[in-house]
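See structure below.
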Amino acid sequence: MRFTVTPPGQRTADGQQPNATTAPRRRASWSPDAGGGRAADARRAVRTFLAEAVTAHGAAVSALAEIDAQVVADELLANAFRHAPGDCGMDLELSPDGTELTIGVWDTSPQPPRVQPPGPTRVGGHGLRLVEACSREVTVVPTGRGKRVVARLGLS
């Protein structure tokens, strides 16, 4: 995993341009090529990123928020591995004030994820409900090569 800090006014690796009035944001990117090919590796990447955020920025990360972040990363990447052909990856971003984590998972499928109806006898298909329950907001952004699912989580 690589950690990068984006100065205000410069474009990030994913082409976004932070607001010039905000403080630099702590970012990390993870992909199967860089960190392994399992969702467990993504959970480890989230733990490492949050530990760095606490050390470098004094962010206050509750134990529950860390677990929620790992669940979100695991579920979103498991869906990308299962349902999208080709490459996928994850970007992590800490808000300038250290109170919010953004997890963005990109893949090559243009199909947005769908929340499955509740089914007490169905095995699987509950992951997006977990993502929504753990997150303040979940959005899907179409990209030229597929989509990006973005979840925002509070850290305290």
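Here the spin labels are modelled as points 7 Å beyond Cα on the Cα-Cβ line, and at residue 87 and residue 108 they lie 0.9 nm apart.
Summing charges over neighbours of residue 118, with a neighbour being any other residue whose Cβ is under 14 Å away from its Cβ, gives +2 when K and R count +1 and D and E count -1. Spin-label model, residue 57 to residue 141: label points 7 Å out along the Cα-to-beta-carbon direction sit 1.7 nm apart.
Taken together, the values in this text are just the output of simple stated rules run on the coordinates, not laboratory data. For clarity, every value in this text was computed on a predicted model and none was experimentally measured. Here Cβ is always computed from backbone atoms with ideal geometry, including for glycine, and neighbour counts include all displayed protein chains.
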